[in-house]
Amino acid sequence: MINSNALKAAMLLAGYSTIAQGAKAIGMPPSTMYRRLNEGVFTNKEMEEMIKTYKISDIVGVFFSEIGAL
């Protein structure tokens, strides 16, 4: 389960002011990003793109959170 708040924060820190902008930056339709955030599941390829694009350093804290979305 992902920590959706941490992922959204990473998008903001990377300069994407909306979830839709963050989704487009990794080549994902915004509707898919919203669905994945709600479900809490991303593919390995999607996670790799987000780590690179959003410059995520706390990979475990974002993608392997026990608390999930708050």
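The values are calculated or read from the model by the stated rules, or taken from the named source; none is laboratory data. Quick caveat: nothing in here was measured; it's all calculated off a predicted structure. Here the Cβ positions follow ideal geometry from the backbone for every residue, glycine too, while neighbour counts run over all protein chains shown. These accessible areas exclude ligands, DNA and RNA; they are computed on the full protein's heavy atoms, side chains included. Shrake-Rupley method; radii C 1.70, N 1.55, O 1.52, S 1.80 Å.
General observations
- Hits in the range 23-68 (condition: open to solvent by 60 Å² or more (accessible area, probe 1.4 Å), under 13 Å from residue 3 (Cβ atoms) and not β-branched (Val, Ile, Thr)): 58, 64, 66
- Qualifying position, being modelled with pLDDT of 95 or more and not in a helix (DSSP H, G or I), among 27, 22: 27
- Flag for residue 15 being under 18 Å from residue 57 (Cα atoms) and not basic (Lys, Arg): yes
- Contacts under 8 angstrom Cβ, first residue in the range 52-70 being modelled with pLDDT of 70 or more, partner among the β-branched types (Val, Ile, Thr) and part of a helix (DSSP H, G or I), 6 or more apart: 56/62; 59/51
- Residue within the range 1-22 that is touching a helix residue (DSSP H, G or I) at 6+ places or on another chain (Cβ under 8 Å), without any contact (Cβ under 8 Å) to a residue 12 or more places away in the chain and buried (at least 16 other Cβ atoms within 10 Å of the Cβ) present: no
- Count of residues meeting criterion [under 11 Å from the mean Cα position of the chain (by Cα) and outside any loop (DSSP other than H, G, I, E, B)] in the range 53-70: 4
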